[in-house]
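Here the structure is laid out as structure tokens; the discussion comes afterwards.
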Amino acid sequence: ARYPGRLAFAGFVAGRQKERLLANCRALVLPSREEGEGLCVIEAAAFGKPTLVSDIPELAYVVAEGIGLDTATGDFKSLARGAEQLFDDAEAYATLSTHARTWASDRTWENKAMEFEQVREDVRRTSGISLLGGRTVTEE
């Protein structure tokens, strides 16, 4: 291996252990074949860590937002090249890291709640349907 001892498969971690890993890692590697938005991407970005992802549609935002790189799904050589780029290209790494931290700063629970409230209001205004506590109420 080109980077012996520099790659760790952490598996599921939580709490302070996760914070320590994110604070001390170079990047998050997420070679998923199926994924949602990936809360772990937001968490890594908050620590200024770029993410290396599979090129699946659900994770395309990582490249589009400039917070990481993608690799061909299931192609280990592509994954290795992506990891090498994150280790070897200091300028690209710094740019991705800066973008990641900035991008993550907007992804707070408060901001998500405000976005949800805006969607609720838009639905109410355009359709006359109010979404309250899981119930649908039609205004008359």
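For the chain, a simple Cβ point-charge model (Lys and Arg +1, Asp and Glu -1, everything else neutral) yields a dipole of about 640 debye relative to the Cα centre. On a per residue basis, the range 1-92 carries 62 Å² of accessible surface, using protein heavy atoms and a 1.4 Å probe. In terms of its alpha-carbon gyration tensor, the chain comes out prolate; a/c meets the 1.5 threshold, and the first ratio a/b outweighs b/c. Database remark: amide H of residue 53 closer than 5 angstrom to the amide H of 30, 69, 70, 71 (H placed geometrically; neighbours at sequence offset of 5 or more, or on other chains; Pro and chain starts carry no H). Taking the 1.4 Å solvent-accessible surface of the chain as the whole, the part contributed by carbon and sulfur is 55%.
What separates the Cα centres of the range 6-37 and the range 52-97 is a distance of 14 Å.
The largest accessible area among 77, 18, 49 belongs to the first residue in 77, 18, 49, and the rest follow in falling order (1.4 Å probe, all chains).
Taking all protein chains together and rolling a 1.4 Å probe, residue 43 ends up with roughly 50 Å² accessible. Aspartates and glutamates within cross-link reach of residue 112: Cα-Cα under 18 Å, excluding same-chain residues under 8 positions apart? By straight Cα distance, residue 112 reaches 37, 43, 65, 121, 122.
Grab the DSSP H runs of the chain that are 4 residues or longer, score each as -39,500 (n - 2.57), total them, divide by all residues and round the 222 nm result to the nearest 500 deg cm²/dmol.
-15500 deg cm²/dmol
Put a dot 7 Å past the Cα of residue 117, heading toward its Cβ, do the same for residue 39, and the two dots end up 2.2 nm apart. Length available on full extension from residue 130 to residue 102: 0.36 nm per residue minus the Cα-Cα distance, which gives 6.7 nm.
The values are calculated or read from the model by the stated rules, or taken from the named source; none is laboratory data. Note that this is a predicted model, so its numbers are computed, not measured. Positions of Cβ are generated from backbone atoms using ideal geometry, with glycine treated the same way; all protein chains shown enter the neighbour counts. Accessible surface is based on the protein model in full, side chains and every heavy atom, while ligands, DNA and RNA are left aside. Shrake-Rupley method; radii C 1.70, N 1.55, O 1.52, S 1.80 Å.
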